[in-house]
Amino acid sequence: VNTNDIMLSAEAQYSIGELWMREKQYEQAIQSFNLVREKFVGIDDWYSLALLNLGECYEQINDFHNAREVYQILEATRPDDDFGKTSKRRLKRLPK
């Protein structure tokens, strides 16, 4: 499997999650974003985008524990870029 195929697969799985999210089908979106999380760890931007949206889906269904966990992973792995900064802001808005 070449790198382009992996990138396309990560993007496709992410896009499926986005479509579910747009339809407010959060459980299906969570499944799609979790697939990206599990299978494409090394594909930085798709992985990070999936985690951001995963956190947002968890927030939408009031699963703040999982939202916090996802945001903390992103904040720890990408502390100096927009992904990490967005995660930090989202962590602050979560209920205690």
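The values are calculated or read from the model by the stated rules, or taken from the named source; none is laboratory data. These numbers were taken from a predicted model, which means no experiment stands behind them. For neighbour counting, all protein chains shown are included, and Cβ atoms are generated from backbone atoms with ideal geometry for every residue, glycine included. These accessible areas exclude ligands, DNA and RNA; they are computed on the full protein's heavy atoms, side chains included. Shrake-Rupley method; radii C 1.70, N 1.55, O 1.52, S 1.80 Å.
If the cut-off is 24 Å between C-alpha atoms, which lysines fall inside it for Lys96, apart from same-chain ones fewer than 8 positions away?
Lys85, Lys88
Using Cα centres only, tell me the gap between the stretch 65-96 and the stretch 22-49 in whole Å.
For the stretch 65-96 versus the stretch 22-49, the Cα centre distance is 16 Å.
Once neighbouring chains are kept in place and the probe is 1.4 Å, which whole percent of the accessible area of the chain is contributed by carbon and sulfur? List each step's numbers first, then the result.
Numbers: 2900 of 5880 Å².
Roughly 49 percent of what the probe reaches on the chain is carbon or sulfur.
Among [x] 22, 17, 9; [y] 26, 14, 9; [z] 33, 19, 17, which is the computed semi-axes √(5λ) of the Cα gyration tensor in Å?
Entry [x].
Restricting to DSSP H runs of at least four residues, report the calculated mean residue ellipticity at 222 nm for the chain, -39500 (n - 2.57) per run over all residues, nearest 500 deg cm²/dmol. Write down the numbers at each step before the final one.
Values: 5 runs with 77 residues, N = 96.
Per the formula, -26500 deg cm²/dmol.
Probe of 1.4 angstrom, ligands and nucleic acids ignored: what's the accessible area per residue over the stretch 18-79, in square angstrom?
Details: 3400 Å² over 62 residues.
Using a 1.4 Å probe on heavy atoms only, each residue of the stretch 18-79 averages 55 Å².
Just flag the chymotrypsin sites (Phe, Trp or Tyr not before Pro) in the stretch 1-71 sitting in loop per DSSP whose Cβ has no more than 13 other Cβ atoms within 10 Å.
Values: sites: Tyr14, Trp20, Tyr26, Phe33, Phe40, Trp46, Tyr47, Tyr58, Phe64, Tyr71; in loops: Phe40.
Listed in order of number, the matching sites amount to none.
If the only charges are +1 at each Lys and Arg Cβ and -1 at each Asp and Glu Cβ, what is the size of the charge dipole of the stretch 1-81 around the Cα centre, to the nearest 20 debye? It would help to have the intermediate numbers written out before the result.
Values: 6 positive and 15 negative charges, 35 e Å.
Computed charge dipole of the stretch 1-81: roughly 160 debye.
What net charge is computed for the residues neighbouring Leu91, neighbours being all others with C-beta under 13 Å from the C-beta of Leu91, Lys and Arg scored +1, Asp and Glu -1?
Details: positive: Arg68, Lys85, Lys88, Arg89, Arg90, Lys92, Arg93, Lys96; negative: Glu56, Glu59, Glu69, Glu75.
It works out to a net charge of +4.
With a ≥ b ≥ c taken as the square roots of the eigenvalues of the C-alpha gyration tensor of the stretch 44-96, please select rounded if a/c is under 1.5 and otherwise prolate if a/b is larger than b/c or oblate if it is not? It would help to have the intermediate numbers written out before the result.
Values: a/c = 2.23, a/b = 1.44, b/c = 1.54.
Judged from the Cα gyration tensor, the stretch 44-96 comes out oblate (a/c at least 1.5, b/c at or above a/b).
Select from Leu54, Pro95, Ile73 the residue farthest towards the positive end of the dipole of the chain; place +1 on Cβ of Lys and Arg, -1 on Cβ of Asp and Glu, and compute about the Cα centre.
My answer, from the dipole projection, is Pro95.
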